[in-house]
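Following: one structure in C-alpha cells, then a few remarks.
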Amino acid sequence: MSETRRDMVHAPAMPALAEERTPHTQPFWEAARQHRLVVPRCAHCGAYSMPPKGFCPSCRRQDQHFVEVSGRATLYSFTVVRHAVIPALAERVPYVLAIVKLSDAHDLKMLSNIVDCELKDIRIGQQLQVVFQDQADGVTVPRFRPVHP
C-alpha cells in the first residue's frame, strides 16, 4: 500500500442506507439528495435530535418537523477505520468515522465521515462544513470536510 493510500481519507460506500429509509428518515434523505442538511426539531419543546426517530427524545412527543441547518460543525470525536469489517468496504479504508457537533442546532451531535483531507490533518475541535456525495446507487450522503482558513 502506498504512503498516499494510507494517509488520505476515503469516503466509505454506504450501500445499506437506501434500504434503511422509513417515513421518519425520508425527509432527511430527500433533503440530502437536494444537497441540503436538515435535522428533526420538536414542535413542542424545540429540541433537536439525530438520527430521525419519529419522536422527540426530550419530551417524547411525536410532533417533529425538519429544519434546514447551515452544515457548519465542529469535530467532537473520531476514529480511523483501517480494517474493513464489511468486505464491500475493503477498497475504501482508511476512512474516518466521526461525531460532529452541528453549530446552529444547539450543538446537536451527528455521526458522519470526514473526507477531503489527509489523516494527519484531522484534529478534535476543528471546524467542518458539510459536503454531499452522490453515490452510484442514487443515495446522497452528507459528510464533512475541514474548513481551511
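A few notes on this one:
- Gaussian network model of the chain, springs between alpha carbon atoms under 10 Å - residue of Pro40, Pro87, Pro57 with greatest fluctuation: Pro87
- For region 88-120, the list of trypsin sites (Lys or Arg not before Pro) that fall in a loop by DSSP and count at most 13 other C-beta atoms within 10 angstrom is empty.
Values quoted throughout were computed directly from the atomic coordinates according to the rules given, and no laboratory measurement underlies them. Please read these numbers as outputs of a predicted model, since none were measured by experiment. Ideal geometry is used to build each Cβ from the backbone, glycine not excepted, and the neighbour counts take in all protein chains shown.
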